[in-house]
Amino acid sequence: MTKNLNVVIVGAGQAGFQAAASLRQAGFDGSVVLIGDEPRIPYDRPPLSKTFLTGEIELEKLWLRPEAFYRDQRIELEIGESVTSIDRQTRHVECASGRKVSYDQLVLATGARFRPLPVPGAGLEGVLPLRTLADAEALRTRLAGAREAVVIGAGFIGLEFAAVTRNAGVRVHIVEMMQNPMERVVSRETSRYFTQVHRRWGSDVLLGTRVTRILGERRVTGVETSDGRKLSADLVLIGIGVRPNTEIAAAAGLTVDNGILVDQNLATADPAIFAIGDCANFPSRFAAGRCRLESIQNAVDQGAAAAAAIIGKPEPYDKVPWFWSEQADLRLQIAGNAVGHDRAVLRGDPDSHSFSVFFFRGGVLTGVESINRPTDHVVARRLLAVDPRLSPEQAADLNFDLRAHTADVFRREVA
Ligand code: FAD
């Protein structure tokens, strides 16, 4: 049935790779073309701010699959090629090289790109973002000779970079314009905890502070902040978030609003075009509306879901969102969503550096943030997927056996 179908996937990141791999795994026998503008075969981004940056792992550990995989799976991988437009009438995409590729089904997995900081000096040598493998390679080289770094933006990537940099013996200033680090994505409780630990590790954490200018002539020498301070630096990381890559979708007349708008099946208003991963804005019960997520879980699960829809087995996308971040010896794991909670309860003691925060809305569990408590995270994902029945009192009680409770919930579900 799918034999003569041509699937074209734009963006060879985690989501695009997964869509291609899942199509073949499901026995799809049409053609699959995976087009990516970066010069590398699909790779894993999370280590770029963690073990790749520290030098613990090398390039070959980053590839999602070796090159032979694409040949063996008959996935036509076009790297270093950028799709510049989509013609929805004739159903083909056009590439920067002039090549035209026709499709029956098109998957947009264009991800996101770093958001530039609009201040003077942002183009100086030594001022770098961290989104791509090329960025990480440049940062790794610079880090080796760095003495003092400024991290602009205390999101996950900024804080991961700060932890690695501090651990390498570099003096670190973290400058964040909000009052709390990671404010958009974690609760106050977790945010405050991370402020304290970064300070304890020796970083200078400036909150509610903006960078107004980056100093230097050719090379960076420091930054100037909104409170008039001058912080010296030979390395500056811009970590103020990303923008979804939506331009080709918008130019083709698809609706874009903080990402490419898709329905429950990840299809755009044009049934021949799907959007997945960091570039997609989709309806989610966990967000109480629509959301755009930047996580490996989301890219992988949506890649698989788009493949299922293409082979004629669509299922409304309803996966529990989860995420992790590693900062020195701390592993933060998030399941569900804390946004909009009316009650937060603590399980464990933050002073022990192993605790979770359980979030409830109207008495119903909506999300869990765990720091060095992997069991709580696993339990939370399972409960949120099936039946979030757990009271705040049970969550707070360390003697309450969460694992046994979850097993019980599952047994009842199956019966
Ligand atoms: P991307 O990985 O951005 O891939 C999209 C690809 O499409 C890119 O290569 C892009 O260049 C290409 N592209 C865009 N437009 C075109 C075009 N027109 N033509 C051709 N190609 C195009 N998530 C976690 O869950 N945990 C973590 O610990 C974590 N750590 C991270 C650390 C770093 C440093 C970064 C950058 C991200 C991290 N993430 C983490 C987020 C996670 O990596 C992303 O959410 C995920 O990679 C998104 O996958 P994607 O395929 O949607 O987008």
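Data table
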| item | result |
| --- | --- |
| Residue that is under 21 Å from the mean Cα position of the chain (by Cα), modelled with pLDDT of 95 or more, outside the structural domain of I334 (by TED's automatic domain parsing) and not charged (D, E, K, R), where the choices are L215, L159, L206 | L159 |
| Residue under evaluation R373, criteria (1) farther than 16 Å from A287 by Cβ; (2) free of Cβ contacts under 8 Å to residues at least 24 places away in the same chain; (3) among the basic types (K, R), criterion not met | (2) |
| The stretch 296-313 residues that are more than 21 Å from L261 (Cβ to Cβ), paired with ones that are more than 16 Å from the ligand (Cβ to nearest atom) (beta carbon under 8 Å, 6 or more apart) | I311/T2; I311/A26; I311/G27; I311/F28; G312/M1; G312/T2; K313/A26 |
| Elements of type strands (runs of 3 or more DSSP E) contained in the stretch 64-157, each with 2 or more residues being touching a Pro at 6+ places or on another chain (Cβ under 6 Å), within 10 Å of the ligand (Cβ to nearest atom) and within 30 Å of V175 (Cβ to Cβ) | 112-114 |
| Filter result for L398 (surrounded by fewer than 20 Cβ atoms within 10 Å (Cβ to Cβ) and part of a strand (DSSP E or B)) | no |
| Filtered residue count, the stretch 108-121, keeping only those that are over 15 Å from the mean Cα position of the chain (by Cα) and surrounded by fewer than 17 Cβ atoms within 10 Å (Cβ to Cβ) | 4 |
| Which numbered condition T51 fails, given (1) of a type in the set (S, T, Y); (2) near the ligand (Cβ under 10 Å from one of its atoms); (3) under 30 Å from A328 (Cα atoms) | (2) |
| Meets criteria (loosely packed, with under 13 Cβ neighbours inside 10 Å and either in contact with a Ser or Thr (Cβ under 6 Å, 6 or more places away or on another chain) or hydrophobic (A, V, I, L, M, F, W, C) (or both)) for A344 | no |
| From D376, D397, residue being charged (D, E, K, R), over 19 Å from S295 (Cβ atoms) and modelled with pLDDT of 95 or more | D397 |
| Hits in the stretch 172-188 (condition: surrounded by fewer than 18 Cβ atoms within 10 Å (Cβ to Cβ) and more than 16 Å from the ligand (Cβ to nearest atom)) | M177, M178, Q179, E183, R188 |
| Matching residues in the stretch 52-79 - criterion: being open to solvent by 40 Å² or more (accessible area, probe 1.4 Å) and closer than 21 Å to L130 by Cβ | T54, E56, E58, L59, E60, K61, W63, I79 |
| Check on R381, under 30 Å from F52 (Cβ atoms) and either of a type in the set (V, I, T) or open to solvent by 50 Å² or more (accessible area, probe 1.4 Å) (or both) | yes |
| Filter result for the condition that a residue is within 16 Å of the ligand (Cβ to nearest atom) and farther than 29 Å from P118 by Cβ, over S295, S284 | S284 |
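Per-residue answers, yes or no, for (1) without any contact (Cβ under 8 Å) to a residue 12 or more places away in the chain; (2) near the ligand (Cβ under 10 Å from one of its atoms); (3) surrounded by 16 or more Cβ atoms within 10 Å (Cβ to Cβ); (4) of a type in the set (S, T, Y):
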| site | (1), (2), (3), (4) |
| --- | --- |
| G241 | no, no, no, no |
| N245 | no, yes, yes, no |
| L254 | no, no, yes, no |
| N258 | no, no, no, no |
| V262 | no, no, yes, no |
| L266 | no, no, yes, no |
| A275 | no, yes, yes, no |
| D278 | no, yes, yes, no |
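The values are calculated or read from the model by the stated rules, or taken from the named source; none is laboratory data. This one's a predicted model, so the numbers in the text were calculated from it and none came from an experiment. Quick reminder, even Gly has a Cβ in these numbers, built from the backbone with ideal geometry, and neighbours come from all protein chains shown. When the accessible area is computed, the model is the full protein with side chains, heavy atoms only, and any ligands, DNA or RNA have been set aside. Shrake-Rupley method; radii C 1.70, N 1.55, O 1.52, S 1.80 Å.
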